[in-house]
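Participant: Dumping the structure here so I can ask a few things about it.
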Amino acid sequence: QLQFVESGGGLVQPGGSLRLSCAASGSISSPLTMGWYRQQSGKQREWVATVTSGGTTNYADAVKGRFTISTYNSKITVSLQMNSLKPEDTAVYYCKADFDFGSRWGQGTQVTVSS
């Protein structure tokens, strides 16, 4: 069964950096797009960044210039480099992969930005 597993979350001070990774388990074709979403406590899940199979990236205004999304390993692993982190970046971060047959989500990883 296809699953995506995230790693790299944790506690970091404001201004610090973290790198999240999301890897597929199981044999799959390359996704059409891969992205990161986040859900802050008491709020709806929101889009953070997306990368297409062609390498085009897009970012939410709140993270533009601070976060970088990239794929590697035959494009079924996606990472999110997060720099200049702010307390408002605190959330559970989820990766998502879109295929022609549907979408798959990771289980989420907690990122906490606090002094």
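The values are calculated or read from the model by the stated rules, or taken from the named source; none is laboratory data. Bear in mind the structure is a predicted one, so any value in this text is a computation, not a measurement. A quick note on method: Cβ atoms are made from the backbone with ideal geometry, for glycine too, and the neighbour counts reach across all protein chains shown. Accessible surface areas use protein heavy atoms only, side chains included; no ligands, DNA or RNA. Shrake-Rupley method; radii C 1.70, N 1.55, O 1.52, S 1.80 Å.
Participant: Pick from segment 83-103 the residues that are farther than 30 Å from Gly15 by Cβ and in contact (Cβ under 8 Å) with a residue 24 or more places away in the chain: which of them is least open to solvent (accessible area, probe 1.4 Å)?
Facilitator: Ala97
Participant: For segment 1-12, which residues satisfy the criterion of being open to solvent by 30 Å² or more (accessible area, probe 1.4 Å) and among the hydrophobic types (A, V, I, L, M, F, W, C)?
Facilitator: Leu2, Val5, Leu11
Participant: Now for a separate question. Among the candidates Arg104, Arg66, which residue alone is over 17 Å from Gly16 (Cβ atoms) and among the basic types (Lys, Arg)?
Facilitator: None of the others qualify; the one that does is Arg104.
Participant: Is it fair to say Gly15 is open to solvent by less than 60 Å² (accessible area, probe 1.4 Å), small (Gly, Ala, Ser) and on the phi > 0 side of the Ramachandran plot?
Facilitator: Answer is yes for this residue.
Participant: Mind counting the residues in segment 18-51 that are open to solvent by 60 Å² or more (accessible area, probe 1.4 Å), within 15 Å of the chain's Cα centre (by Cα) and among the hydrophobic types (A, V, I, L, M, F, W, C)?
Facilitator: Result for segment 18-51: 1.
Participant: Please go through segment 18-45 and give me each residue that is at pLDDT 90 or above and out of contact with any strand residue (DSSP E or B) (no Cβ under 6 Å at 6 or more places or on another chain), ordered by number.
Facilitator: Result: Ser41, Gly42, Lys43, Gln44.
Participant: Look at segment 64-82 and say how many of its residues are of a type in the set (Gly, Ala, Ser), without any contact (Cβ under 8 Å) to a residue 60 or more places away in the chain and open to solvent by less than 50 Å² (accessible area, probe 1.4 Å).
Facilitator: Qualifying residue count, segment 64-82: 1.
Participant: Only one of Arg66, Arg19, Arg38 is under 26 Å from Asp100 (Cβ atoms) and among the charged types (D, E, K, R). Can you tell me which?
Facilitator: Arg38
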